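Chemist: One structure coming up, written as structure tokens, with questions to follow.
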Amino acid sequence: MLRCSGLKKNTVSLQKLLLMVNELEIKKAARIIQQGGLVAFPTETVYGLGADAFNPQAVARIFEVKERPSFDPLIVHVASMDTLPLLTENIDKRVYELADKFWPGPLTIVLPKSKHVPDIVTSGLPTVGIRMPDHPVALELIRYAGCPIAAPSANKFGKISPTSACHVRKQLTEVTCVLDGGNTSIGIESTVITLNPDGFVILRQGYITKNDLEAILPQSEQELSKEIKLASPGLLKSHYSPDKPFFISGNCDFPFDKSKAGFLSFSLKDVKGYKIVEYLSDNSDLKQAAVNLFGAMHRLEDAEIDFIVAEPLPEHGIGIAIMDRLNKAAYKSGRLMTMIGSEKSDCTKKHG
Ligand code: TXA
Ligand code: MG
């Protein structure tokens, strides 16, 4: 299927998107949201699995379908600044400056939650993550539903994020309403930030970089302190994991048979020896690599190979967010190799 494969440049035009998902489909989906059901929908970052943010039973279904632990809070999506006072209180003026520059767009701002937001949305935290997605289908869906939409990425918990409707259907077979807006145009999730009196803290790296934020805000980025880490239960070491061992090249110094492996290339051209190679960019462009990242990971997950090796990317600009995804995808396999390695050295100690 064309939409599931291939190296892709960037944005799909607005008219083309609205042709893919017609008004009637969006209205039907909005009705499902109003009736307490779930809808998977495209955003500019990844597909979301949405429910009425004010309906605790509907939100509980999101956690069930995703198999997501209840400690990991959801982002609430809005289509207008007018909704903000319903979700949060004492709005900091920096929120308006950020919204002016980055909304609609891939920035989530964690703010004090109002009493109207059910605890299940925020996993009992006193804060709520809010973002206005930059996608006509997402915005229309929120408008027709007439409520803010709570939505995590539309994948099983800990698995590869979805950048197409095919990816959603692959993992969330029980979701019957999937609005198909084609491939997403940015390809990685929003940057999640929180504000404090001294500046801002990045809770999740994403498309909007520290430099982008520092150009707008008067104060600079603050360190992710222990206290903030405790208040951000979504900061997990393992995530985005394919159903196959996944390594970052350089961290897999064991002898392996390349012909049984897949390779995820960023800058290397004409890679030889691997059974399958996915090229993230044709000119080492980080934004293009972000667009193609999860699609390539899904194809490697589905390919007949034993494991996947990824080339590390330069850690500047959006490369920081991409490497965050690769490191988390490689976390479990890396730990396993360390365990095997230490078992081997234990054996050497005992018997050697
Ligand atoms: O681009 C995106 O952000 C996508 C699209 C669908 O909008 N959504 C997304 O949602 O990636 P999810 O649930 O997969 O990731 C949301 C992240 C999690 O790490 C969660 O812990 C964090 O945002 N988060 C949400 N609310 C929070 C809060 N009140 N405090 C701290 N972290 C929060
Ligand atoms: Mg996610």
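The values are calculated or read from the model by the stated rules, or taken from the named source; none is laboratory data. Since the structure is predicted, the reported quantities are computational estimates derived from the model, not experimental observations. Cβ coordinates were reconstructed from backbone atoms using ideal geometry, including for glycine residues, and neighbour counts include every protein chain displayed. We work out accessible area using only protein heavy atoms, side chains counted, and drop any ligands, DNA or RNA first. Shrake-Rupley method; radii C 1.70, N 1.55, O 1.52, S 1.80 Å.
Chemist: Scan (1) open to solvent by 60 Å² or more (accessible area, probe 1.4 Å); (2) among the hydroxyl-bearing types (S, T, Y); (3) within 16 Å of ligand 1 (Cβ to nearest atom) for the single condition Y279 breaks and write down its number.
Modeler: Result: Y279 passes all but (3).
Chemist: Show the residue pairs meeting these rules: Cβ distance below 7 Å; 6+ apart or different chains; first residue within region 121-132 and in the same structural domain as N55 (by TED's automatic domain parsing); second residue of a type in the set (A, V, I, L, M, F, W, C) and open to solvent by 40 Å² or more (accessible area, probe 1.4 Å).
Modeler: Short answer, once both residue conditions are applied: S123/F71; L125/A231.
Chemist: Tell me whether region 90-101 contains one or more residues that are among the charged types (D, E, K, R) and free of Cβ contacts under 8 Å to residues at least 40 places away in the same chain. I'd like the intermediate steps shown before the answer.
Modeler: First, pick out the residues of region 90-101 that are among the charged types (D, E, K, R): 92-94, 97, 100-101.
Next cut, free of Cβ contacts under 8 Å to residues at least 40 places away in the same chain only: 93, 100.
Yes, some residue in region 90-101 is among the charged types (D, E, K, R) and free of Cβ contacts under 8 Å to residues at least 40 places away in the same chain.
Chemist: Then there is this: What's the number of the condition L268 fails, among (1) part of a loop (DSSP other than H, G, I, E, B); (2) touching a residue at least 12 places away in the same chain (Cβ under 8 Å); (3) more than 16 Å from ligand 1 (Cβ to nearest atom); (4) open to solvent by less than 40 Å² (accessible area, probe 1.4 Å)?
Modeler: (4)
Chemist: Further, regarding this structure: Have a look at K159, K244 and point out the one that is under 22 Å from K66 (Cα atoms) and under 12 Å from the mean Cα position of the chain (by Cα). Steps first, answer last, please.
Modeler: Working: K244 fails: under 12 Å from the mean Cα position of the chain (by Cα).
One residue alone meets the criteria, K159.
Chemist: Is there a residue in region 161-168 that is over 25 Å from Q34 (Cα atoms) and among the small types (G, A, S)?
Modeler: Yes, region 161-168 contains a residue that is over 25 Å from Q34 (Cα atoms) and among the small types (G, A, S).
Chemist: Here are some residues: K244, K237, K229. Which one is within 16 Å of ligand 2 (Cβ to nearest atom) and either open to solvent by less than 30 Å² (accessible area, probe 1.4 Å) or not β-branched (V, I, T) (or both)? Walk me through it before giving the result.
Modeler: Working: K244 fails: within 16 Å of ligand 2 (Cβ to nearest atom); K229 fails: within 16 Å of ligand 2 (Cβ to nearest atom).
Every option except K237 fails the conditions.
Chemist: State whether the residues of region 289-298 include one that is in contact with a helix residue (DSSP H, G or I) (Cβ under 8 Å, 6 or more places away or on another chain) and exposed (fewer than 14 other Cβ atoms within 10 Å of the Cβ).
Modeler: Checking region 289-298: not a single residue is in contact with a helix residue (DSSP H, G or I) (Cβ under 8 Å, 6 or more places away or on another chain) and exposed (fewer than 14 other Cβ atoms within 10 Å of the Cβ).
Chemist: Of everything in region 162-186, what is touching a residue at least 40 places away in the same chain (Cβ under 8 Å) and of a type in the set (S, T, N, Q)? Give them in sequence order.
Modeler: If the condition is that a residue be touching a residue at least 40 places away in the same chain (Cβ under 8 Å) and of a type in the set (S, T, N, Q), then T163, S164, N183, T184, S185 are the ones that fit.
Chemist: Could you please find all residues in region 248-292 being closer than 16 Å to D324 by Cβ and away from ligand 2 (no atom under 16 Å from the Cβ)? Even if it seems obvious, please write down each step before you answer.
Modeler: Filtering region 248-292 for residues closer than 16 Å to D324 by Cβ gives 248, 251, 264, 266, 280, 286-287, 289-290.
Across region 248-292, the qualifying residues are I248, N251, L264, F266, L280, L286, K287, A289.
Chemist: Can you tell me which residue is nearest to ligand 1 (Cβ to nearest atom) among those in region 195-215 that are of a type in the set (A, V, I, L, M, F, W, C) and surrounded by 15 or more Cβ atoms within 10 Å (Cβ to Cβ)?
Modeler: Out of the qualifying residues, it is L203.
Chemist: Right, another one. Where in region 63-159 are there helices (runs of 4 or more DSSP H), lying wholly inside it, with at least 1 residues that are within 15 Å of ligand 1 (Cβ to nearest atom) and open to solvent by 10 Å² or more (accessible area, probe 1.4 Å)?
Modeler: 93-102, 119-122, 136-145
Chemist: Return the total of residues in region 165-189 being open to solvent by less than 40 Å² (accessible area, probe 1.4 Å) and either within 14 Å of ligand 1 (Cβ to nearest atom) or not in a loop (DSSP other than H, G, I, E, B) (or both).
Modeler: The number of residues fulfilling the criteria is 16.
Chemist: While we're on this one: When both residues are 6+ apart or on different chains and their Cβ atoms are under 9 Å apart, which pairs have a first residue that lies in region 146-161 and is without any contact (Cβ under 8 Å) to a residue 60 or more places away in the chain and aliphatic (A, V, I, L, M), and a second that is near ligand 2 (Cβ under 10 Å from one of its atoms) and outside any loop (DSSP other than H, G, I, E, B)?
Modeler: So the pair list comes out empty.
Chemist: Right, here's the next one. Conditions first: (1) farther than 25 Å from E89 by Cα; (2) open to solvent by 10 Å² or more (accessible area, probe 1.4 Å); (3) of a type in the set (A, V, I, L, M, F, W, C); (4) within 13 Å of ligand 2 (Cβ to nearest atom). V192 passes all but one, so which condition is the exception?
Modeler: Condition not satisfied by V192: (1).
Chemist: Taking the criterion of being farther than 19 Å from K170 by Cα and touching a strand residue (DSSP E or B) at 6+ places or on another chain (Cβ under 7 Å), would at least one residue in region 281-303 satisfy it?
Modeler: no
Chemist: Follow-up question, since we're still on this one. Do the conditions hold for L179, that is, is it at pLDDT 95 or above and assigned by TED's automatic domain parsing to the domain that holds P152?
Modeler: Yes; evaluated as a whole, the condition is true for this residue.
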